[in-house]
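Since every read-out is calculated from the coordinates, none of them should be taken as a lab result. This one's a predicted model, so the numbers in the text were calculated from it and none came from an experiment. All Cβ positions, even for glycine, are placed from backbone atoms using ideal geometry, and neighbour counts span all protein chains on display.
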Amino acid sequence: MMTVAREFFRQPESERVKHYSADTKKTTRLSTSFNVGSEKFSNWRDFLRLHCLPIEDFISEWPSSPVSFREVTAEYATSVRALVLVLLEAISESLGLAKDSVSNTLGKHGQHMALNYYPPCPQPDLTFGLPGHKDPNLITVLLQDEVSGLQVFKDGKWIAVHPVPNTFIVNMGDQMQVISNDKYKSVLHRAVVNSDKERISIPTFYCPSLDAVVGPQQELINEEEESPAVYRSFIYAEYYEKFWDRALATESCIDLFKASKT
Ligand code: OGA
Ligand code: NI
């Protein structure tokens with residue numbers, strides 16, 4: 001997967017640009033920074049975003065160059081999905097819920113990937129690859145090359161998550177925080193750039209389908225005791241739109257979905 005991603009970004013601009021779009025609703029697109037339509041400052045990143053569930057609905061939109069792109073990406077997406085489904089069962093059990101309960105709240109399920117390309121940056125202290133943010137989806141499985149750049153915010157400071165060969169980084173996203181009613185917290189993270197090495201990272205964003213109704217799991221709520229619902233229920237499309245409308249911000253949009261706001 002890393003090899004085809006590298007090959008994709010090494011192609012001439014004339015080939016890459018065929019996929020360019022600033023329309024955040026497009027299901028396959030190459031873009032730059034985060035949301036060039038809504039942000040004041042640009043980030044030092046190009047990215048190719050792909051929807052990949054169900055694969056057959058999207059594969060014909062994916063780049064056909066490099067030649068192995070579709071086949072490799074489809075196999076990768078299928079394998080990562082299998083891993084995510086196992087993780088969701090374990091997470092459900094860790095919350096004291098039936099194995100299939102988190103998976104059952106996701107409607108038809110959704111899966112997106114980003115191929116992030118961070119070129120060497122002549123003045124890395126003036127920008128980010130991606131500024132601090134929380135992922136809006138449920139759970140993110142990140143594959144990264146051997147160049148450091150990812151940082152997570154923990155105990156009041158930014159901590160580098162250096163790559164370990166043949167490992168994934170698994171991050172919780174906003175929907176896990178909602179579904180678990182704050183038992184799992186969406187992680188604040190960012191990517192920094194450096195002046196001498198390009199970096200590639202490939203997150204898989206696993207999410208509810210756009211029509212899924214998401215809210216805290218019923219079994220985790222007890223209004224009489226000390227565990228009232230922290231969030232209201234909403235349709236995932238509403239959340240996802242809010243996320244892309246705003247420039248990427250440290251304050252996640254989760255606060256807009258608090259139960260007290262209804
Ligand atoms: C992202 C992200 C981190 C990285 O794409 O949402 O947080 O290391 N990427 O590139
Ligand atoms: Ni992220």
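For the ranges 174-187, 95-108, 2-15, what's the packing order if you count other beta-carbon atoms within 10 Å of each residue, average per peptide, and put the highest first?
174-187, 95-108, 2-15
Calculate the spin-label point distance for ARG232 paired with SER65, positioning each point 7 Å from the Cα along the beta-carbon direction, and give it in nanometres.
4.9 nm
What nm distance separates the two modelled labels at TRP244 and LYS154, each placed 7 Å from Cα along Cα→Cβ?
Label at TRP244, label at LYS154, 3.2 nm between them.
If each residue of separation counts as 0.36 nm, what is the full-extension length gain between GLU146 and THR32 once their alpha-carbon separation is subtracted?
Numbers: separation 114, 0.36 × 114 = 41.04 nm, distance 2.20 nm.
Taking GLU146 through THR32 to full extension adds about 38.8 nm, to one decimal.
If I model a spin label as a point 7 Å beyond the Cα along the Cα-Cβ vector, how far apart are those points for LYS25 and GLN123 in nm?
Once both label points are built, they end up 3.7 nm from each other.
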